[in-house]
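The values are calculated or read from the model by the stated rules, or taken from the named source; none is laboratory data. Quick caveat: nothing in here was measured; it's all calculated off a predicted structure. Glycine gets a Cβ as well: all are built from the backbone with ideal geometry, and neighbour counts include every protein chain shown.
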Amino acid sequence: MSLMEGLSIGRRGLSAAQIAIDVTGQNISNANTDGYSRKSLTQVSDYRTDGTYGQMGFGVDVVSVNRVRDVFIDRQLNSQIADQGYTTDLDAAYQRIENVHQEPSTTGLNETMDTFWNAWSDLSNNPSDKSARESLKSTAQVLTDRFHYTANEMTSYQNSINDQVQSYVGQINDIADKISSLNKTIVAAEGAQNDNANDARDQRDQLIKQLSSYVKIDYTEDKSGAVSVTASGNMLISPQTVFHLETTRQDVHDASGANATFYGVKFEHSDTAFVPQSGKLKAMFDTRDVVIPSYMNDLNAMTATMVKAVNTVHESGYTMDKTTGVDFFDPANTTAATISLSAAVINDSNSIAAAAGGTIQSVVMTGATVPPTPASDANNIVNLTSASAQFRNLAQGSVVVTDPVSGTVLQEGSSKDYVVDYDLGRVRIVNSGTYPAGTVFNINFKYNDTGYSGTGDGNNALAISQVRDTKNMNFDQTGAATSSIAENYAGYIGRLGVERSQAKSSLDTQTALVEQLTNQQASIAGVNLDEEMTNLIKYQQSYQASAKFISTISTMMDVLEKI
C-alpha cells in the first residue's frame, strides 16, 4: 500500500466518522420528536485487489443511513389504535348520555317520577283541596318537562353527530392526501436518487398511525416504496390516486317518529357506500344509529305505558265537576318528546279525577229515534237512560252520533248538530232542519257503571299513585308483565351504567395494549440518549484516530521529501 493510498484510507475514515457524528446529532436533536425513528449507519470494509497479496484493505465505505423500525409491531400498533379510537369515542358517548339523564340526582327523571306519584297520594288525602290539585298539576308539568328535556338532549346529541361525521371525513381525506404526497416524495428519492427517504417515511408512518384512529385500515408497500391503503375492502389510497370520501344526506325517522337527516359516507363520484369496521368514524355511526335509538325506544315505551296506565285509571274516576272519562295525559302524545297533560287538566285542575268510579263501558246503540212532534228544539232529545237507567255518567267526549242512512257522522256543538248532557245521559239534536223528529240515529258512547261518590272521595287518586308499583312492562313468554314503571326505569338506568362501565373497561384495555406496543416500538425505534452519547464519544475518537493516521502519513511523506 502506498502512502497516497494511506491518505485515502484516512480520508475515508474521517468521512465515515463525520457522517456517523452527523447521524448521532440528528438522533439526539430529535429525541423528543413524535414519530421519529432512530437512524443507524451501515458501514462496510472497502478493498482493492492486489496481484501479489490479493484483497487489500482500502478503508471504510458508508453504504446507507437506515431507520431502525419493526414493521410487524407497526402493523399491530395501527390495528390496536383503530380499536382504541372506537372505544375512546364510544366511552365519550356513554358519558354524554349519562350526563343527560343526571342519575342519581334530585333533578333526574327517577326523582321527578317519585314526586309525581307522591303528589297523587297527597291528593287522595284531601281530594277537594284546590292547592293539592294545583300542586299535582305543577308536579305533572315538571315531569313532562323532564321527559322533554331528556328526549330533546338525546335527539340533539344524535343530530350533532352529523357534524362529527363530516369533520372526521374531512380529516380522513386530508391525511390521505398527505400520505399520497409523501408516496411521491419517497418514490422520487429512492428511485431516481437511489437514496433512503428516512424522514419522509417517518412522516408517512405517523400519518398512517393517525389515519388508523379514524378507520381500520390495511396497507401494503410496493417495490418503488409507495404504500396502498385499503379500508373496509375498498381502495383508499393507491400509489397514484387518492379516493376521497364524502358525506351523503339520508332522511330517516328518529325514535320519536319525527323526521331527521343523518349523514352517511360514500366514495366521491361513486355510489359505493363506505362502512367503517372500527375507529372513531364507526363509533359515531354506532352511537347515532344503535346506542341512542336503543335508549330512546326504551324511554318512549316507558312513556307510552305511563300515559296509558294513568289515563286508564283516571278515565274511570270523577272530576270535581262530576265528569267521568277524562284523560289526565293527552292520549295522542305518548313519546318522551311529546308527552303532555290533557287540555282539560291544563285548563282546570278540577278536571283531575280524584274520586273513584267504576268501569268505563262502551255501548253501541242503533235505532235511537228523535221524539216525534217536539214543541221546540229544546225537547228534541234522545234520552239514553230510557234504554237503561245506567246510561248516565257518560265519558267526556265519548258520544258519537251517526246518520245510518247517509253514514254521516254528526258534529257535536251548540252551533252544529247536537249537544250532550254527560251527567244525565241525554243527546239533544239542535239541527232539526236537517234531522227532524222521527229521524233514526246510531249513537256510540261510553259510560261509568257506578256513580259519583262526592268531593271527599280520593280513592281514584290513591289508585293512580299505586300505578307506580303495578307490573305493566317487560312481558315474559307467557304474556305476563314482569316489572312496574319504576322497576323498568331502574333497569334502564342500570343498563346504562353497565354499558358505560363496559365501554370504559374496553377503553382501558385498548389503551393498555396501545401503550404496550408503543413502548415496544420505542425500545427499538426510539432514541436512547445514553446510547447516543456513547456513540458520539466512539465516533469522535474514530474521527480523531483517522486524523492522527493522516497526520502520521503526512509526516512519513515529509521524511521522504528530505531524502
Unique residue being at negative phi, of a type in the set (S, T, N, Q) and either at pLDDT 95 or above or surrounded by fewer than 18 Cβ atoms within 10 Å (Cβ to Cβ) (or both) when the list is 474, 442, 460, 448: 442
Yes/no for residue 405 being β-branched (Val, Ile, Thr) and under 30 Å from residue 297 (Cα atoms): no
Residue among 181, 238, 213 that is at pLDDT 90 or above, small (Gly, Ala, Ser) and either touching a Leu at 6+ places or on another chain (Cβ under 7 Å) or closer than 23 Å to residue 522 by Cα (or both): 213
Enumeration of residues in the range 483-501 that are exposed (fewer than 13 other Cβ atoms within 10 Å of the Cβ) and closer than 20 Å to residue 114 by Cα: 494
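Residue by residue, here is whether (1) part of a helix (DSSP H, G or I); (2) β-branched (Val, Ile, Thr); (3) without any contact (Cβ under 8 Å) to a residue 12 or more places away in the chain; (4) over 30 Å from residue 12 (Cα atoms) holds:
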| residue | (1), (2), (3), (4) |
| --- | --- |
| 477 | no, no, yes, yes |
| 488 | yes, no, no, yes |
| 502 | yes, no, yes, yes |
| 506 | yes, no, no, yes |
| 515 | yes, no, yes, yes |
| 523 | yes, no, yes, yes |
| 531 | yes, no, yes, no |
| 542 | yes, no, no, no |
| 546 | yes, no, no, no |
Unique residue being in contact with a strand residue (DSSP E or B) (Cβ under 8 Å, 6 or more places away or on another chain), part of a helix (DSSP H, G or I) and either more than 19 Å from residue 222 (Cα to Cα) or in contact (Cβ under 8 Å) with a residue 40 or more places away in the chain (or both) when the list is 186, 208: 208
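Matching residues to (1) at positive phi; (2) within 48 Å of the chain's Cα centre (by Cα); (3) surrounded by fewer than 17 Cβ atoms within 10 Å (Cβ to Cβ):
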{"residue": "15", "(1), (2), (3)": "no, no, yes"}
{"residue": "32", "(1), (2), (3)": "no, yes, yes"}
{"residue": "45", "(1), (2), (3)": "no, no, yes"}
{"residue": "58", "(1), (2), (3)": "no, no, yes"}
{"residue": "75", "(1), (2), (3)": "no, yes, yes"}
{"residue": "85", "(1), (2), (3)": "no, yes, no"}
Output for the range 534-552, where each listed residue is among the small types (Gly, Ala, Ser) and in contact with a helix residue (DSSP H, G or I) (Cβ under 8 Å, 6 or more places away or on another chain): 542, 545, 546, 547
Count of residues meeting criterion [part of a helix (DSSP H, G or I) and free of Cβ contacts under 8 Å to residues at least 60 places away in the same chain] in the range 1-11: 3
Residue that is farthest from residue 279 (Cα to Cα), among those in the range 190-228 that are of a type in the set (Val, Ile, Thr) and touching a helix residue (DSSP H, G or I) at 6+ places or on another chain (Cβ under 7 Å): 227
Elements of type strands (runs of 3 or more DSSP E) contained in the range 231-322, each with 1 or more residues being of a type in the set (Lys, Arg): 245-253, 259-267
Candidate set from the range 200-242 (those that are crowded, with 20+ Cβ neighbours inside 10 Å and acidic (Asp, Glu)); member that is nearest to residue 26 (Cα to Cα): 202
Tally, over the range 215-236, of residues that are within 28 Å of residue 288 (Cα to Cα) and of a type in the set (Val, Ile, Thr): 4
Failed condition for residue 145, given (1) surrounded by fewer than 19 Cβ atoms within 10 Å (Cβ to Cβ); (2) more than 22 Å from residue 297 (Cα to Cα); (3) at pLDDT 95 or above: (2)
Extreme residue, modelled with the highest pLDDT, among residues of the range 322-365 that are loosely packed, with under 15 Cβ neighbours inside 10 Å and closer than 17 Å to residue 394 by Cα: 364
